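Engineer: The structure that follows is given in the form of structure tokens.
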There are 2 protein chains.
Amino acid sequence: MAKHTIESCAKAKMAIRDTLDIVGGKWKLVLISVLQSGKKGFNELSREAAISPRILSKELQEMEMNGLVSRKVCDTKPVTVQYELTPYSETLDDVLTAMEKWGFQHRNNIIQGIK
Amino acid sequence: MAKHTIESCAKAKMAIRDTLDIVGGKWKLVLISVLQSGKKGFNELSREAAISPRILSKELQEMEMNGLVSRKVCDTKPVTVQYELTPYSETLDDVLTAMEKWGFQHRNNIIQGIK
């Protein structure tokens with residue numbers, strides 16, 4: 001990446017902050033990654049992402065608000081709710097791919113004692 | 001991005017979590033972005049990233065521990081400390097670039113009322 005000038009640095013800072021505002025924190029990108037294998041019910045998501053129901057509910061609400069996840073109430077007995085990624089969430093693919101690659105590489109580096 | 005199978009989903013989840021463990025949170029990627037314009041003193045960093053000294057100190061310590069930032073004590077009067085990105089921090093370029101692009105695009109989408 002090219003070195004930043006003061007102006008481009010300010011722009012970059014703002015853009016990174018914007019992204020962190022929407023998908024920062026411990027869970028949202030993990031939830032998107034989990035939902036990439038298909039729509040899931042609340043309990044299923046809670047189990048697969050290893051996240052408590054209380055926090056999951058809050059995270060999903062924020063993700064829905066930001067257009068990343070859609071929530072569908074199914075007319076079953078008892079009523080069930082399913083969560084699915086929106087097409088807009090796919091705009092985060094590059095972010096997710098880069099983070100997956102880096103996490104994978106970083107773990108390998110640590111295992112090999114290289115840094 | 002290809003849809004995940006259960007196995008590749010578990011791998012992806014772990015890698016994303018690893019990345020979030022190292023550079024998640026509100027500040028570290030912003031600090032890297034700020035340091036891309038060159039080494040900086042503690043107060044300069046605190047000002048440019050708009051981060052309180054107490055939190056900045058903790059963030060920098062963690063970043064140093066993970067090999068992302070190097071700390072140099074300069075033999076001046078009074079003693080000053082300078083922080084600089086390590087070559088290893090450059091491995092995060094793709095993550096930063098993707099987040100910059102997404103944040104920029106997301107802000108534009110909101111301004112234009114498209115989502």
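Engineer: Is there a residue in region A:29-47 that is hydrophobic (A, V, I, L, M, F, W, C), assigned to a loop (DSSP other than H, G, I, E, B) and at pLDDT below 95? Please lay out each step first, then the result.
Structural biologist: Within region A:29-47, the first condition is being hydrophobic (A, V, I, L, M, F, W, C), and the residues that meet it are A:29-32, A:34-35, A:42, A:45.
Subset that is assigned to a loop (DSSP other than H, G, I, E, B): none.
No, there is no match, as no residue in region A:29-47 is hydrophobic (A, V, I, L, M, F, W, C), assigned to a loop (DSSP other than H, G, I, E, B) and at pLDDT below 95.
Engineer: If you don't mind, there's one more thing I want to ask. Return yes or no: is A:E84 more than 17 Å from B:G24 (Cβ to Cβ), under 13 Å from the mean Cα position of the chain (by Cα) and either touching a residue at least 60 places away in the same chain (Cβ under 8 Å) or more than 10 Å from chain B (Cβ to nearest Cβ) (or both)?
Structural biologist: Yes.
Engineer: Any chance you could count how many residues in region B:103-115 are in contact with a helix residue (DSSP H, G or I) (Cβ under 9 Å, 6 or more places away or on another chain) and either surrounded by 22 or more Cβ atoms within 10 Å (Cβ to Cβ) or not in a helix (DSSP H, G or I) (or both)?
Structural biologist: Looking only at that region, the number is 4.
Engineer: From the list A:V69, A:V73, A:V30, A:V34, which one is touching an Asp or Glu at 6+ places or on another chain (Cβ under 6 Å) and either over 20 Å from B:S33 (Cα atoms) or not aromatic (F, W, Y) (or both)?
Structural biologist: Numbers: A:V69 fails: touching an Asp or Glu at 6+ places or on another chain (Cβ under 6 Å); A:V73 fails: touching an Asp or Glu at 6+ places or on another chain (Cβ under 6 Å); A:V30 fails: touching an Asp or Glu at 6+ places or on another chain (Cβ under 6 Å).
It is A:V34.
Engineer: Same structure, new question: Somewhere in region A:48-59, is a residue part of a helix (DSSP H, G or I), facing chain B (nearest Cβ under 9 Å) and surrounded by 15 or more Cβ atoms within 10 Å (Cβ to Cβ)?
Structural biologist: yes
Every residue, every condition in (1) over 12 Å from the mean Cα position of the chain (by Cα); (2) of a type in the set (K, R), yes or no:
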position: B:I16; (1), (2): yes, no
position: B:T19; (1), (2): no, no
position: B:V23; (1), (2): no, no
position: B:V34; (1), (2): no, no
position: B:K40; (1), (2): yes, yes
position: B:I51; (1), (2): yes, no
position: B:E62; (1), (2): no, no
position: B:L68; (1), (2): no, no
position: B:K77; (1), (2): yes, yes
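Engineer: Name every residue in region B:68-80 that is surrounded by 13 or more Cβ atoms within 10 Å (Cβ to Cβ) and at pLDDT below 95, in order of residue number.
Structural biologist: Of everything in region B:68-80, just one residue is surrounded by 13 or more Cβ atoms within 10 Å (Cβ to Cβ) and at pLDDT below 95, namely B:T80.
Engineer: Does A:T76 satisfy the condition of being free of Cβ contacts under 8 Å to residues at least 12 places away in the same chain, not in a helix (DSSP H, G or I) and not small (G, A, S)?
Structural biologist: Yes; evaluated as a whole, the condition is true for this residue.
Engineer: Does at least one position in region B:97-107 carry a residue that is among the acidic types (D, E) and within 14 Å of A:K13 (Cβ to Cβ)? Before the answer, list the steps.
Structural biologist: Residues of region B:97-107 that are among the acidic types (D, E), as a first pass: B:100.
Subset that is within 14 Å of A:K13 (Cβ to Cβ): B:100.
Yes, the conditions are met somewhere in region B:97-107.
The values are calculated or read from the model by the stated rules, or taken from the named source; none is laboratory data. These figures come from a predicted structure and were not determined experimentally. Note that each Cβ is placed from the backbone with ideal geometry, even for glycine, and that neighbours are counted across all protein chains shown.
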